[in-house]
Amino acid sequence: MGALDYLKDQLHELDEQGLAIHPRTLEGPTGARARFDGREVINLASNNYLGLANHPRMNRAAARAAEELGAGSGAVRTIAGTMTLHRELEHRFAEFKHAEDALMFQSGFTANAGTVAAILDREDVIVSDQLNHASIIDGARLSRAEIKVFPHKDVEAADALLAETARPGRRQLLITDGVFSMDGDIAPLPALVEIAERHGAIMMVDDAHASGVLGTGGAGTVDHFGLHGRVDVQVGTLSKAIGVLGGFIAGPHHLIEWLVNRGRPFLFSTSAPPAVTAACIEALNIMRDEPDRLERLWRNTRLFKAGLHDLGFDTGMSETPITPVITRDEEKTQAFARRLFEEGVFTPAIVYPTVARGQARVRTIVTAEHTEEDLKEALSVFGRVGEELGVL
Ligand SMILES: *Cc1c(COP(=O)(O)O)cnc(C)c1O
């Protein structure tokens, strides 16, 4: 009898409810078509929006940086691990986001969690959308500030919470995802910015799924809505459209300086290796040189969304390349994803706790790399398997 045996029971329970996660293994490079668990499939499961994750220029930039500068950085940023490449990437990102300065983190997760925790303390309050990402929730908890959650995209409720929690000297943070990762809808950022300004609250947006996807050249939701200079903290990830790994914060210089001093993942976790950093810089170059990638992404998005709609699937509130096919029941959703995979289409089943119970779905994400043929084939499989399982 081991002290951890209770976990076996808990895992068994997850399995019984169709909630257990068994990740598939990618047996080659990622791409529009890729090999998982021994099967060649149309890949609608990645966040590789622009097809940069295996772009030859990215691969060469990574290889060259490793050859010239080594495999690792050797230290945390604040001691001896800040490399010229890190600063170069940060300058490029500040420019990309039209911000004064930017700071790189090891992931989008640590960028969010580290920043929220660093800029607030226990006297303060966080007003947060119900569907915000887990890393925002963790950062909010770590800050020890009071957490107030408003119903998804309900600006009036957020406004009321800001009014109700205001006290002299108390800081307020209004925080939202730019694009919501499980539904693919866009935050009502103009209205949120207005109420943040009216209450003197800090406005923070997590553009993990919007960077490289929305706005001019993929600059994100702030650019998409023309809100430059009115959002205090912009979060981005280097792991999704940028195609590599890492996160960053863009904002005023004093915010960045503060995070250098108080952002715990920045202070206490080793910096990104040269290969990662150089590939991220190259991603920005490619986005500038090959603007047609963004156009292809959106063309594919329109085609695939319209196809799912015509078949009669419930695609919820999606407005971006993330399109959920909402099937509600957890076990049916697992079976749907499994049958789609067997028929050559990979879309993950997303179940509780990632989404609410009874809101299970398979989530599709198209990329710039999918051909029309890929998407038409995927749609025909969706139609066939949807009928077979009574999802349609
Ligand atoms: C994926 C995601 C993150 C985390 O980014 P990583 O770089 O993968 O750690 C943060 N916020 C949102 C909204 C995300 O979708």
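The values are calculated or read from the model by the stated rules, or taken from the named source; none is laboratory data. These figures come from a predicted structure and were not determined experimentally. Positions of Cβ are generated from backbone atoms using ideal geometry, with glycine treated the same way; all protein chains shown enter the neighbour counts. Only protein heavy atoms, including side chains, enter the accessible area calculation; ligands, DNA and RNA are left aside. Shrake-Rupley method; radii C 1.70, N 1.55, O 1.52, S 1.80 Å.
Here are some residues: Ala118, Ala99. Which one is in contact (Cβ under 8 Å) with a residue 60 or more places away in the chain, buried (at least 20 other Cβ atoms within 10 Å of the Cβ) and not in a helix (DSSP H, G or I)?
Ala99
Tell me, please, whether a residue that is closer than 19 Å to His209 by Cβ, among the acidic types (Asp, Glu) and either in contact (Cβ under 8 Å) with a residue 60 or more places away in the chain or outside the structural domain of Leu297 (by TED's automatic domain parsing) (or both) can be found in the stretch 322-334.
Within the stretch 322-334, not a single residue is closer than 19 Å to His209 by Cβ, among the acidic types (Asp, Glu) and either in contact (Cβ under 8 Å) with a residue 60 or more places away in the chain or outside the structural domain of Leu297 (by TED's automatic domain parsing) (or both).
Within the stretch 226-252, work out how many residues are more than 16 Å from the ligand (Cβ to nearest atom) and either open to solvent by 30 Å² or more (accessible area, probe 1.4 Å) or out of contact with any strand residue (DSSP E or B) (no Cβ under 6 Å at 6 or more places or on another chain) (or both).
Residues in the stretch 226-252 being more than 16 Å from the ligand (Cβ to nearest atom) and either open to solvent by 30 Å² or more (accessible area, probe 1.4 Å) or out of contact with any strand residue (DSSP E or B) (no Cβ under 6 Å at 6 or more places or on another chain) (or both): 7 in total.
Quickly run through the stretch 19-33 and pick out the residues that are more than 24 Å from Glu331 (Cβ to Cβ), touching a residue at least 12 places away in the same chain (Cβ under 8 Å) and open to solvent by less than 70 Å² (accessible area, probe 1.4 Å).
Once the filter is applied, which keeps residues that are more than 24 Å from Glu331 (Cβ to Cβ), touching a residue at least 12 places away in the same chain (Cβ under 8 Å) and open to solvent by less than 70 Å² (accessible area, probe 1.4 Å), the stretch 19-33 yields Thr30, Gly31, Ala32.
So which residues in the stretch 253-311 are open to solvent by less than 20 Å² (accessible area, probe 1.4 Å) and not in a helix (DSSP H, G or I), if there are any at all?
Gly263, Ser271, Ala272
Out of (1) surrounded by fewer than 17 Cβ atoms within 10 Å (Cβ to Cβ); (2) of a type in the set (Ser, Thr, Tyr); (3) assigned to a loop (DSSP other than H, G, I, E, B), what's the single condition that is false for Thr78?
Here Thr78 meets the rest and fails (3).
Would you confirm, using the coordinates I've provided, whether Met182 is in the same structural domain as Arg64 (by TED's automatic domain parsing), aliphatic (A, V, I, L, M), closer than 26 Å to Thr364 by Cα and not in a helix (DSSP H, G or I)?
Criteria met by Met182.
A quick yes/no check of all residues on (1) closer than 23 Å to Thr237 by Cβ; (2) modelled with pLDDT under 95:
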residue: Glu16; (1), (2): no, yes
residue: His22; (1), (2): no, yes
residue: Leu26; (1), (2): yes, no
residue: Thr30; (1), (2): yes, no
residue: Arg33; (1), (2): no, no
residue: Asn43; (1), (2): yes, no
residue: Asn47; (1), (2): yes, no
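Hey, could you check the stretch 133-181 for residues that are hydroxyl-bearing (Ser, Thr, Tyr) and under 22 Å from Val355 (Cα atoms) and say which is farthest from the ligand (Cβ to nearest atom)?
So the residue we want is Thr176.
Quick one: which residue in Phe341, Phe313 is touching a residue at least 40 places away in the same chain (Cβ under 8 Å) and under 30 Å from His55 (Cβ atoms)?
Criteria check complete, one pass: Phe341.
Kindly indicate which of Leu227, Leu245 is assigned to a loop (DSSP other than H, G, I, E, B), under 15 Å from the mean Cα position of the chain (by Cα) and outside the structural domain of Met317 (by TED's automatic domain parsing).
Among Leu227, Leu245, only Leu245 is assigned to a loop (DSSP other than H, G, I, E, B), under 15 Å from the mean Cα position of the chain (by Cα) and outside the structural domain of Met317 (by TED's automatic domain parsing).
Examine the stretch 173-187 for a residue that is touching a helix residue (DSSP H, G or I) at 6+ places or on another chain (Cβ under 9 Å) and either among the basic types (Lys, Arg) or without any contact (Cβ under 8 Å) to a residue 24 or more places away in the chain (or both), and state whether such a residue exists.
Looking for residues that are touching a helix residue (DSSP H, G or I) at 6+ places or on another chain (Cβ under 9 Å) and either among the basic types (Lys, Arg) or without any contact (Cβ under 8 Å) to a residue 24 or more places away in the chain (or both), one finds none in the stretch 173-187, hence no.
The conditions are (1) charged (D, E, K, R); (2) open to solvent by less than 50 Å² (accessible area, probe 1.4 Å); (3) out of contact with any helix residue (DSSP H, G or I) (no Cβ under 6 Å at 6 or more places or on another chain), and Asp159 fails exactly one of them. Which is it?
(3)
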